[in-house]
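Since every read-out is calculated from the coordinates, none of them should be taken as a lab result. Given the structure is predicted, the values throughout are model-derived calculations rather than measurements. Backbone-built Cβ (ideal geometry, glycine too); neighbour counts: all protein chains shown.
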Amino acid sequence: MARAIGYVRASTLAQRDNETIEEQVKALREYSVANGYELADTYRDDGVSGSDQDRVIRLGRYIQDRGADFDVLLFTHFYRLSGDLFLQLSIDKVLHKAGKSYLAIYEESLSEDDNPMVQAMRQMTGVFAELKKNMIVRRLANGRRHKTLEPGIKVSGAVPYGYKYEGKGTRDKRTVVVAEQAEVVQEMFSRALRGNSLAKIAKVPNDRGALNGGDIHWTGQPFTRH
């Protein structure tokens, strides 16, 4: 019976499809039973981008460390192996150097290794996986950029002093002005326009007890806080 190790991965890019980690594991187990593989272990990359170079390094070390335990690496699709053509070829090289083969159970025809046409087609899947990844990255970036142009929208992270979040969820969350904090901010700007030093400007919120998040005092060091 051929010995196998499974490889499963879910991307950080907003889960590109519905094939979760557990669904991949289940598919590999079922395939192993049906095709006479002894599945010794399953390596998981949960929430890891296919273009993460450190991931490939870790996987390469794992392949080397577990070399005596398996003959073939099983995964569902080639884009699970990597969403970057260069990294996919790097993993290919690591496997071949270790004397191991690999098999995408849903793309078996692309796993044949001694046919130049199949090799070329397999590399093309890497090209299109990388294209898909780049299009997703661009779409997400455009979405964030669009949100920043809408009044009251802050894409993520903590809001600056003088504002707070209202609403829940990506669509409804908005930043709104906190009236009492806005008065403090206006006085700070007023002093800045009059040429006051940073230390004097920092006294405005401190004198009013207007601590900024987690009981933090303002200082005269370019508005850093202690």
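Observations, loosely collected:
- Under 5 Å from the amide H of residue 173 lie the amide H atoms of 168, each residue being 5 or more positions distant or on a separate chain, with H modelled from the backbone and absent for Pro and chain starts.
- Footprinting exposure proxy for 11, 190 (fewest neighbouring C-beta atoms within 10 Å first): 190, 11
- Across the stretch 63-111, the relative contact order, built from alpha-carbon pairs under 8 Å that are at least six residues apart, equals 50 percent.
- Residue order, fewest to most surrounding Cβ atoms within 10 angstrom, among 76, 42, 219: 219, 42, 76
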